[in-house]
1. For the stretch 90-241, what class follows from the C-alpha gyration tensor (a ≥ b ≥ c being the square roots of its eigenvalues): rounded when a/c is under 1.5, otherwise prolate if a/b is larger than b/c, else oblate?
2. Treat the count of other C-beta atoms within 10 Å as a stand-in for reagent exposure and order Tyr122, Tyr354, Tyr303, Tyr78 from fewest to most.
3. Restricting to Cα atoms and excluding each atom paired with itself, what does the Kirkwood estimate give for the stretch 334-426 in Å?
4. Need one word for the stretch 166-275: rounded, prolate or oblate. Basis is the Cα gyration tensor (sqrt eigenvalues a ≥ b ≥ c); a/c below 1.5 gives rounded, then a/b vs b/c decides.
5. Relative contact order (percent) for the stretch 100-256, with alpha-carbon contacts under 8 angstrom and 6 or more residues of separation?
6. Alpha carbon centre of the stretch 327-386 versus the stretch 275-318: separation in Å?
7. Report the full-extension gain for the segment Thr181 to Asp151: residue separation times 0.36 nm, less the Cα-Cα distance, to one decimal in nm.
8. List Cys263, Cys422, Cys365 from most exposed to least, where exposure is judged by having the fewest other Cβ atoms within 10 Å.
Amino acid sequence: MSMTVMRPAQGCCCHFNNAINNCFSLRYRRTLKTPSLATEFPFVAVASPPTRLSLSLRRRPLTVASYSAATMSSSPSYDKELAAAKKAVSLASRLCQKVQKALLQSDVQSKSDKSPVTVADYGSQAVVSLVLQRELPADPFSLVAEEDSGDLRDDSAQDIRARITELVNDTLSTDESSSSTLSVEQVLKAIDCGVSEGGATGRHWVLDPIDGTKGFVRGDQYAIALGLLDEGKVVLGALACPNLPLTSIAGANQQPSSGEVGCIFFAKLGSGTYMQPLEGGPAVEVHVTATENPEEASFFESYEAAHSLRGLTGSIAEKLGVKAPPVRIDSQAKYGALSRGDGAIYMRFPHKGYREKIWDHAAGCIVVTEAGGLVTDAAGKDLDFSKGRFLDLDTGIISTNAKLMPLLLKAVKESLKEGESCSSSM
Ligand code: AMP
Ligand code: MG
């Protein structure tokens with residue numbers, strides 16, 4: 001048996017307005033369409049025994065490692081927390097896949113109905129909350145998550161409540177450690193565990209039950225993103241991407257993958273990042289690209305134009321000398337793809353006034369930093385997850401490897417400056 005224990009350089013984890021955005025030329029137009037349907041799969045939560053293999057998508061061979069063996073030396077150990085997190089997001093993925101499959105098969109009229117997303121969102125949050133509490137019964141439980149049950153308790157939501165409860169029970173019944181059938185009230189209570197404010201002390205789980213709901217509705221990328229904060233730092237992350245191909249998406253824009261989809265990325269502080277098929281199989285250690293040449297680098301950004309200033313990202317890419325057009329996909333699947341070197345850079349510059357939430361970045365951030373990457377705000381500062389439900393940051397979020405980061409930061413600084421002078425002269 002062979003095994004590599006990678007200790008990547010510990011990357012420190014971590015507005016602009018329309019007028020400014022319009023100052024930049026929109027040079028790039030490229031999108032990645034994902035397979036329209038995810039197939040259901042049997043749930044397997046544990047990694048297979050270690051074997052050696054290399055994946056063709058990598059520029060260098062990857063070694064499959066026994067996750068538990070690779071993490072023996074880290075202190076404190078978050079092994080049981082990570083196992084619980086993986087199980088929670090894997091089961092939640094199952095629920096989401098079931099709903100997405102039905103949604104995509106439905107007619108146009110029912111596609112405009114928002115309730116499938118609602119059901120999957122709440123259902124996913126309930127499953128994660130319940131699994132974490134069941135798997136870690138001795139730990140105090142604090143969950144910072146997007147949803148609460150307020151709207152669901154309305155008289156008019158009776159049907160939706162019942163559908164969510166049924167889905168949650170069906171999903172949990174596929175796991176051998178689940179026993180009793182939950183009532184509607186128990187499911188609503190599990191959802192309401194997500195009201196925690198997080199903060200700089202103690203442990204807090206951070207969850208986006210469906211990150212990228214727009215991608216979910218389109219049949220494209222979405223993620224179930226779960227991180228754990230300990231004393232304000234992200235110490236582990238489990239990122240399930242049910243529609244992400246297992247092989248590289250670099251250069252695969254607009255072509256639905258014919259291969260297998262469904263990945264889970266997971267990382268623990270100081271222990272590297274691993275990728276595993278959602279349906280089970282060997283866990284493979286992944287690394288961000290080693291490229292030092294921006295001309296060879298491609299960059300990810302949001303599929304949704306409303307979520308990032310494309311004029312600005314285009315200008316930054318141009319300054320860097322990036323040749324490839326952007327790869328636009330939804331959700332934290334971008335962090336997953338970056339962590340395995342499908343692209344070299346991720347840029348996110350929300351419109352002025354948008355406040356980033358911690359659940360949109362916690363899992364993705366540790367997945368990238370443990371794979372050897374860096375995630376910072378536009379000023380080069382680490383993301384600070386200790387300030388409650390929001391990230392308090394300068395202008396935007398950027399991520400790349402340590403070699404490219406100084407060049408990226410320089411290009412960001414110059415483009416922001418140009419944007420400012422452009423807007424002040426308008
Ligand atoms: P992405 O697909 O990378 O844009 O990420 C999806 C996430 O973007 C959603 O889960 C939202 O939390 C977040 N989001 C929603 N509206 C905005 C916005 N106006 N700007 C930036 N992010 C947003
Ligand atoms: Mg989100």
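Read-outs throughout are calculated quantities, based only on the coordinates presented, and are distinct from any laboratory measurement. Predicted model, so just to flag it, every value in this text is computed and none were measured. Using ideal geometry, Cβ is built from the backbone for each residue, glycine included, and neighbour counts are taken over all protein chains shown.
1. Values: a/c = 1.70, a/b = 1.43, b/c = 1.19.
It is prolate, given that a/c is not under 1.5 and a/b is the larger ratio.
2. Working: Tyr122 30, Tyr354 14, Tyr303 25, Tyr78 20.
Final ranking by Cβ density, sparse to dense: Tyr354, Tyr78, Tyr303, Tyr122.
3. Values: mean 1/r = 0.0722 Å⁻¹.
Taking every pair of different Cα atoms in the stretch 334-426, averaging 1/r and inverting gives 13.8 Å.
4. Numbers: a/c = 1.94, a/b = 1.25, b/c = 1.56.
Oblate is the answer for the stretch 166-275, as a/c is 1.5 or above yet b/c matches or exceeds a/b.
5. Working: 217 pairs, mean separation 38.2, N = 157.
After rounding, I find 24 percent.
6. Cα centroid of the stretch 327-386 versus Cα centroid of the stretch 275-318: 9 Å apart.
7. 8.5 nm
8. Values: Cys263 25, Cys422 15, Cys365 33.
Going from sparsest to densest Cβ surroundings: Cys422, Cys263, Cys365.
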